[in-house]
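This structure is in structure tokens; I'll ask about it shortly.
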Amino acid sequence: MADETKPEAPAAAPAAAHAKPAAPPRPAAPIPDLSGKTTSAASPGGAAAKAPAPAAAAASTREADDTSPLFTRRAWMGLAWGAFSAASAAALAATGRFMFPNVLNEPPQQFKAGFPNEYGMGVDERWKEKFAIWLVRTPEDMVAHASGFYAIITVCTHLGCTPNYLSAENKFKCPCHGSGFRTTGINFEGPAPRPLERARVVLADDGQILVDKSRKFQYELGQWTDPEAFLKA
């Protein structure tokens with residue numbers, strides 16, 4: 001019996017015959033020079049926007065919760081401390097001023113009013129503005145029953161206003177509340193509760209009339225009978 005031999009399968013084509021030839025290698029890209037430059041990882045390719053340096057510096061100095069459009073919180077604190085310091089200095093100055101009040105230059109309590117022969121009968125007003133005194137010469141005093149001088153203090157006994165002498169009516173009239181006084185000083189109308197006060201009046205060593213306001217005489221206390229409440233002349 002004849003040997004039947006199976007035909008052998010053709011040999012596989014070499015793999016290299018069917019494989020595609022390898023691509024030639026690409027030349028390496030040149031590495032860019034980045035010296036002196038900064039890039040941001042947040043944006044690809046280092047193309048992140050750059051903030052101006054002054055704006056970034058100003059932003060870094062503001063507090064995180066500061067939303068004022070005009071001043072920073074630090075500026076407001078400085079303004080508040082400045083106002084507090086000014087108010088404290090003003091209060092301190094006022095306190096110091098209170099400790100050293102003004103010195104009032106009051107007129108002297110004693111003054112010489114000239115010689116008796118320089119006066120006529122009646123009310124003389126030459127010393128009213130400077131010394132607050134009316135010097136009155138009378139032919140007969142209601143208390144001393146003699147001719148001479150008495151000095152009336154120009155202060156109303158109601159509330160301390162300065163009366164005016166009305167020569168046509170021969171009386172003193174207070175412009176504040178209408179109190180009226182006769183030329184003797186006795187009150188007769190208005191709210192004044194008592195007569196005007198008299199001042200001490202004597203003759204000085206040189207013969208002039210000396211008026212002393214430091215000593216006062218009140219009619220209701222019986223003090224007009226004092227020898228120094230009336231100067232006989």
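What are the residues in region 195-205 that are in contact (Cβ under 8 Å) with a residue 24 or more places away in the chain, out of contact with any helix residue (DSSP H, G or I) (no Cβ under 6 Å at 6 or more places or on another chain) and not aliphatic (A, V, I, L, M), if any?
Quick first cut of region 195-205, residues in contact (Cβ under 8 Å) with a residue 24 or more places away in the chain only: 195-204.
Add one more test, that the residue is out of contact with any helix residue (DSSP H, G or I) (no Cβ under 6 Å at 6 or more places or on another chain), and what stays is 196-197, 199, 201, 203-204.
Matches in region 195-205: GLU197 only.
So VAL155 fits all but one of (1) in a loop (DSSP other than H, G, I, E, B); (2) buried (at least 21 other Cβ atoms within 10 Å of the Cβ); what number is the exception?
(2)
May I ask you to list the residues in region 207-233 that are assigned to a loop (DSSP other than H, G, I, E, B) and either buried (at least 21 other Cβ atoms within 10 Å of the Cβ) or in contact (Cβ under 8 Å) with a residue 24 or more places away in the chain (or both)? Before the answer, list the steps.
First pass over region 207-233, keeping only residues assigned to a loop (DSSP other than H, G, I, E, B): 207-208, 218, 222, 226, 230, 233.
Within region 207-233, GLY207, GLN208, GLN218, PHE230, ALA233 meet the criteria.
I'm trying to understand the selection: among the residues of region 177-189, which are assigned to a loop (DSSP other than H, G, I, E, B) and at pLDDT 95 or above? Talk me through it step by step, then tell me what you get.
Just the residues of region 177-189 that are assigned to a loop (DSSP other than H, G, I, E, B), to begin with: 177-179, 183-186.
The answer is SER179, THR183, THR184, GLY185, ILE186.
Mind listing whichever residues of region 158-176 are on the phi < 0 side of the Ramachandran plot and assigned to a loop (DSSP other than H, G, I, E, B)?
Going residue by residue through region 158-176, those that are on the phi < 0 side of the Ramachandran plot are 158-159, 161-169, 171-176.
Within region 158-176, HIS158, LEU159, CYS161, THR162, PRO163, SER167, ALA168, GLU169, CYS174, PRO175, CYS176 meet the criteria.
State all residues of region 81-116 that are modelled with pLDDT of 85 or more and in a helix (DSSP H, G or I); if no residue qualifies, say none. First the steps, then the outcome.
Applying the first criterion (modelled with pLDDT of 85 or more) to region 81-116 yields 81-91, 109-116.
Answer for region 81-116, where residues must be modelled with pLDDT of 85 or more and in a helix (DSSP H, G or I): TRP81, GLY82, ALA83, PHE84, SER85, ALA86, ALA87, SER88, ALA89, ALA90, ALA91, PRO116.
For region 208-227, which positions are of a type in the set (Gly, Ala, Ser) and in contact with a strand residue (DSSP E or B) (Cβ under 9 Å, 6 or more places away or on another chain)? Don't jump to the end; show me each part of the working.
Taking region 208-227 first, the residues of a type in the set (Gly, Ala, Ser) are 214, 222.
If the condition is that a residue be of a type in the set (Gly, Ala, Ser) and in contact with a strand residue (DSSP E or B) (Cβ under 9 Å, 6 or more places away or on another chain), then SER214 is the only one that fits.
The values are calculated or read from the model by the stated rules, or taken from the named source; none is laboratory data. What you see is a predicted model; the values in this text were computed from it and never measured. So basically every Cβ, Gly included, is an ideal-geometry build from the backbone, and we count neighbours across all protein chains shown.
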